[in-house]
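What follows is a short report on a single structure.
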Amino acid sequence: MKITSIKAWQIFDSRGLPTVEAEVTLANGVRGRGITPSGISTGQFEALELRDGDPKRFRGKSVFKAIANIQNEIAPALYGTSVFDQAVLDNKLIELDGTSNKSRLGANAILPVSMAAANAAATARNEPLHAYLGEGKGTLLPVPEIQIIGGGAHANWRTDVQDFLLIATGARNLEEVLEVTHNVYHAAGDILRSRKKYFGVADEGGFWPEFERNEDALDLLVEAICRAGYTPGREASIALDIAASDLYSVEKGRYLFNLENREFTSSEFIGVMADWCDRFPIVSIEDPLADTDWDGWREIVGTLGSRIQIVGDDLFTTNTQRISTGIEKCAANAVLIKLNQIGTVTEAIEAIHLAQSAGWQSIVSARSGETEDAFISHLAVATNAGQLKVGSFSRSERMVKWNELLRIQRDLGARAEFIGFLKPKQVCERKKK
Ligand code: PGA
Ligand code: ZN
């Protein structure tokens with residue numbers, strides 16, 4: 001089934017910023033669509049997001065160059081290509097761009113075409129996207145990691161730590177996860193309202209209160225879990241995304257908690273997190289250190305890696321070369337997967353497979369600037385990735401992903417599996433089997 005046309009337009013993401021939508025049409029008239037999300041706490045090793053930079057148009061944020069690249073270069077290059085071989089198609093895109101970080105055409109030109117082609121292929125085969133992408137082998141429903149409080153770059157730095165998340169560690173199925181999350185999320189809102197600290201939500205839908213210390217958010221989370229009637233660490237546990245690259249001052253060579261006027265060396269910063277892990281029911285920490293601090297990553301894996309999940313997001317940027325280095329160095333035990341960090345569907349799937357082959361967990365993730373597209377819910381199931389992180393439990397650009405998971409579960413029927421959150425030791429045991 002051949003591609004006969006590719007078109008692209010500027011549309012808008014959940015922050016109201018321009019982004020790219022592409023549409024692939026096949027010889028039989030079937031169409032597929034892809035939309036690029038956009039991060040704000042982006043890693044320096046990510047594939048390039050091409051913005052026009054013209055202050056007179058959309059404050060420099062328009063994406064007309066990326067759209068022109070789709071129309072003038074990508075469309076003619078893919079014309080007549082079979083849509084059913086995603087890897088061949090994505091390789092053509094990578095070669096056409098010719099750079100190591102997709103900086104010529106822009107990852108925001110390449111990715112929507114890659115996603116649109118996968119969607120068109122699935123429709124042409126009359127299969128749901130997860131079945132097409134996973135060749136029918138994807139049956140594992142991912143455990144949601146759901147933000148309750150947003151901080152960092154997503155919340156005007158109300159806290160230094162970026163995400164305070166909930167993982168329903170005791171849930172036996174997806175419905176229970178969503179029920180626990182619903183109850184804790186709204187309990188947190190009630191507590192904030194009663195303290196006159198309810199100021200709405202941050203970019204990913206998590207609450208955006210005022211705190212004096214980062215730790216106060218951990219206290220609130222524990223309180224909300226209890227208020228909802230659950231036992232912290234049993235039915236519901238905590239995950240953090242420190243997004244530490246944003247907290248690292250190259251000039252000072254220190255990690256900064258500006259909220260608390262505190263500075264830390266790498267080892268001291270690890271000490272803060274080890275202390276939090278002793279006092280709070282934390283099961284996962286993402287980006288605990290900066291994306292250049294490999295020694296710090298090795299140290300934290302040595303200290304906490306057998307107890308909790310240590311996730312590389314900015315450290316790896318969904319890049320198999322960086323993940324391979326991380327595996328060699330034992331610098332983490334889990335990888336965050338973001339489609340637009342690397343720029344094609346095939347490369348994101350390869351990154352998940354690499355993590356799985358090393359016995360690492362993979363967490364498919366949205367961006368802070370999201371859209372109505374639920375591609376990543378399908379990607380998580382297709383690859384048996386195990387976890388899904390899409391922000392909070394409010395706002396439709398987030399809920400669409402959770403709702404789509406419920407639809408995928410219905411679609412899989414008796415084949416759907418749910419194994420819940422696995423601790424590092426359980427991950428190893430599962431791999432040995
Ligand atoms: P971003 O943040 O999408 O703004 O980069 C998400 C994350 O750090 O996980
Ligand atoms: Zn992150």
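Restricting the range 10-46 to residues that are within 13 Å of ligand 1 (Cβ to nearest atom) and aliphatic (A, V, I, L, M) leaves a set whose member that is least open to solvent (accessible area, probe 1.4 Å) is L17. Summed over the range 185-221, the residues that are closer than 14 Å to I146 by Cβ and touching a His at 6+ places or on another chain (Cβ under 7 Å) give a count of 2.
Taking the criterion of being open to solvent by less than 10 Å² (accessible area, probe 1.4 Å) and within 16 Å of ligand 2 (Cβ to nearest atom), the residues of the range 229-246 that qualify are I238, A239, L240, D241, I242, A243, A244. Checking I74, I94, I67 one by one, the residue that is buried (at least 17 other Cβ atoms within 10 Å of the Cβ) and farther than 25 Å from S365 by Cα is I74 and no other. Scan the range 36-51 for residues that are within 14 Å of ligand 2 (Cβ to nearest atom) and among the hydrophobic types (A, V, I, L, M, F, W, C) and the total you get is 2.
Yes or no: the range 133-148 includes at least one residue that is open to solvent by 10 Å² or more (accessible area, probe 1.4 Å), at pLDDT 95 or above, assigned to a helix (DSSP H, G or I) and not assigned by TED's automatic domain parsing to the domain that holds S365. Within the range 133-148, one or more residues are open to solvent by 10 Å² or more (accessible area, probe 1.4 Å), at pLDDT 95 or above, assigned to a helix (DSSP H, G or I) and not assigned by TED's automatic domain parsing to the domain that holds S365.
Going by what's in this entry, would L256 be described as within 16 Å of G152 (Cα to Cα), among the aliphatic types (A, V, I, L, M) and at pLDDT 95 or above? So L256 passes the test.
The values are calculated or read from the model by the stated rules, or taken from the named source; none is laboratory data. Just so it is clear, the model here is predicted, and its values are computed rather than measured. We place every Cβ from the backbone using ideal geometry, glycine too, and count neighbours over all the protein chains shown. With ligands, DNA and RNA removed, areas are computed over all heavy atoms of the protein, side chains included. Shrake-Rupley method; radii C 1.70, N 1.55, O 1.52, S 1.80 Å.
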